[in-house]
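Below is one structure, written out as structure tokens; the observations come after it.
Taken together, the values in this text are just the output of simple stated rules run on the coordinates, not laboratory data. In this text the structure is predicted, and so the values were computed from the model without any measurement.
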Amino acid sequence: MIIRLRKLRNDRDLSQHQLAVLCDMTVPNLQKYEYGKMKSIPFVTLERLCNVLNCKPGDLIDMNS
């Protein structure tokens with residue numbers, strides 16, 4: 001599983017801090033998702049990220065890798 005969070009965040013010109021604030025999460029937790037240090041993403045977190053980044057879960061997560 002590959003998470004494309006950094007690419008989507010950069011495409012929208014958001015810093016890690018900005019995205020963390022918009023998603024009501026800490027920067028260290030956001031970094032863990034970006035760097036692939038988390039083994040899973042809670043549905044509520046996935047929903048927040050998708051809403052803020054205006055994307056679908058399939059845009060954010062690649063299950064084929």
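Observations on the structure shown:
- Stokes-Einstein diffusion for the chain, with the hydrodynamic radius set to the Kirkwood value over Cα pairs and evaluated at 10 °C in a medium of 1.306 mPa s, equals 137 µm²/s.
- The value of relative contact order for segment 2-54, using C-alpha pairs under 8 Å at least six residues apart, is 42 percent.
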